[in-house]
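Reading through the structure tokens given below for one structure.
The values are calculated or read from the model by the stated rules, or taken from the named source; none is laboratory data. Predicted model, so just to flag it, every value in this text is computed and none were measured. Note: ideal-geometry Cβ built from the backbone for every residue, glycine included; neighbour counts use all protein chains shown.
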Ligand code: XIL
């Protein structure tokens, strides 16, 4: 059975792609003002826009936290779920950091893409010193313990990471391969599948964005795992270099989709030689736009995760000397050109101007906003099924707001089971909702979205009650 959030994503993605293809442009709805955050735009087209987060920044830096919450609908722990962080010594698990990240995601209605169970790097020496049955047992125990802990809370996992080498598509000559033989890959997936049957399982790697020997090898492995129903998706890390989005990337993603798999851009960054000039930042924006558009246009691409929030958070300068500035935000959290192009690629409005309140319109020729109502809100059913449905809701500000409240009463058996980007008393016949911490402040004409799932009696039609919206 699919979890509700996966169901939402799958169904919405299908609907939207049809609409996007037919119009040749981004979404247009009754509330046509374009989305002005990455998160709003990605929500509207049913995609994940994710960010790799650092535990210490999330704990200690309020502006980092606020931006992660308002701009992204999916999180990956940059380091906190790796083996060295979760089981530094045999059988001693430490989940403080990983728990905090998953809690944050849950509080903010964000999905979690888990990273990673089996990797040759950031794996403690006690593991690397094992061999034979002891090593295999350690791997199985580790996967079971971590997957069980986050069952139902982590949506998808990078089960194995970087198992193919850079030369000729051979398997990476890691301690895993040397000591367990190539069967370790299948064992890892079998263990993960049994531990959390509802999570999507991914194989993740770098330099597989193009059609090349390395992606050919991933393709062969993926085919074998898919045939055993052990694999759901392929993660393309996409640590790219300025001006070098591979020309075969789109066709390459498609061939994996044609195997019946999901694809995901899992660790996107686009590095350049620092310091960056404006031409390079414009090129970077164009590169980001290409990659994000590729995913937006491909129904089975679940989303894009950028590998860090601000340029200063990136791993790039320490690993590729002389390179840097590969992300969407500057260190002061101002937005780079690549932010704007990414927003546009998701169907949002990257001009930064709310489309419904042009600043220079002649007052005599415009209809004034409805008086007596600081905001309006509307529900729409995104995907109904027999005993439930996923809804999206749009709140539109008719004046500048610092908070909003919404209320409605269900006419029938509908009741909210879980919700995102909205707070309040939500589960009764009468719903009393309010903005989340990050989506209460709206300029006049601006909109924001929230969403929820309901349960209902079998077969009844999911109703669309009228919502009363008031400024708070
Ligand atoms: C990197 C992190 O960003 C760094 O903070 C850490 O020191 C090393 O690992 N491929 C992966 C990621 O799968 O886990 C790596 O993350 C980047 C390359």
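Just to be sure, is residue 224 crowded, with 23+ Cβ neighbours inside 10 Å and over 20 Å from residue 124 (Cα atoms)? Give the steps one after another, and end with the answer.
Values: crowded, with 23+ Cβ neighbours inside 10 Å: no; over 20 Å from residue 124 (Cα atoms): yes.
No.
What residue, among those in the stretch 97-106 that are over 19 Å from residue 307 (Cα atoms) and surrounded by 13 or more Cβ atoms within 10 Å (Cβ to Cβ), is nearest to the ligand (Cβ to nearest atom)?
By that ranking, first place goes to 99.
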For the stretch 384-402, pairs from a residue that is exposed (fewer than 15 other Cβ atoms within 10 Å of the Cβ) to a residue that is part of a strand (DSSP E or B), with Cβ under 7 Å and 6 or more apart or across chains, are 387/455
Per the list (1) within 16 Å of the ligand (Cβ to nearest atom); (2) at positive phi; (3) in contact with a strand residue (DSSP E or B) (Cβ under 8 Å, 6 or more places away or on another chain), residue check on residue 122 breaks on (3)
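With respect to residue 94, determine if the residue is farther than 24 Å from residue 42 by Cα, more than 16 Å from the ligand (Cβ to nearest atom) and in contact with a helix residue (DSSP H, G or I) (Cβ under 8 Å, 6 or more places away or on another chain).
Values: farther than 24 Å from residue 42 by Cα: yes; more than 16 Å from the ligand (Cβ to nearest atom): yes; in contact with a helix residue (DSSP H, G or I) (Cβ under 8 Å, 6 or more places away or on another chain): yes.
Considered against the rule, which asks whether it is farther than 24 Å from residue 42 by Cα, more than 16 Å from the ligand (Cβ to nearest atom) and in contact with a helix residue (DSSP H, G or I) (Cβ under 8 Å, 6 or more places away or on another chain), residue 94 comes out as yes.
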Listed by first then second residue, the pairs whose first member lies in the stretch 142-167 and is within 17 Å of residue 232 (Cβ to Cβ) and away from the ligand (no atom under 16 Å from the Cβ), whose partner is assigned to a loop (DSSP other than H, G, I, E, B) and at pLDDT below 95, with beta carbons under 9 Å and at least 6 positions apart or on separate chains, are 152/3; 155/3
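Assess whether residue 66 counts as being more than 22 Å from the chain's Cα centre (by Cα), over 25 Å from residue 174 (Cβ atoms) and either in contact (Cβ under 8 Å) with a residue 40 or more places away in the chain or away from the ligand (no atom under 16 Å from the Cβ) (or both).
Working: more than 22 Å from the chain's Cα centre (by Cα): no; over 25 Å from residue 174 (Cβ atoms): yes; either in contact (Cβ under 8 Å) with a residue 40 or more places away in the chain or away from the ligand (no atom under 16 Å from the Cβ) (or both): yes.
The answer is no for residue 66.
Can you name every residue in the stretch 268-286 that is away from the ligand (no atom under 16 Å from the Cβ) and buried (at least 21 other Cβ atoms within 10 Å of the Cβ)?
The first filter runs over the stretch 268-286 and keeps only residues away from the ligand (no atom under 16 Å from the Cβ), leaving 272-286.
Hits for the stretch 268-286 are 272, 284, 285.
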Every listed condition ((1) in contact (Cβ under 8 Å) with a residue 24 or more places away in the chain; (2) closer than 29 Å to residue 451 by Cα) holds for residue 118 save (2)
- Tell me, please, whether a residue that is assigned by TED's automatic domain parsing to the domain that holds residue 303, surrounded by fewer than 20 Cβ atoms within 10 Å (Cβ to Cβ) and more than 22 Å from the chain's Cα centre (by Cα) can be found in the stretch 260-267. no
Is the stretch 202-213 home to any residue that is assigned by TED's automatic domain parsing to the domain that holds residue 337, in contact with a strand residue (DSSP E or B) (Cβ under 6 Å, 6 or more places away or on another chain) and more than 16 Å from the ligand (Cβ to nearest atom)? no
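Residue by residue, here is whether (1) more than 16 Å from the ligand (Cβ to nearest atom); (2) surrounded by fewer than 17 Cβ atoms within 10 Å (Cβ to Cβ) holds:
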site: 116; (1), (2): no, no
site: 128; (1), (2): yes, yes
site: 133; (1), (2): yes, yes
site: 180; (1), (2): yes, no
site: 199; (1), (2): yes, no
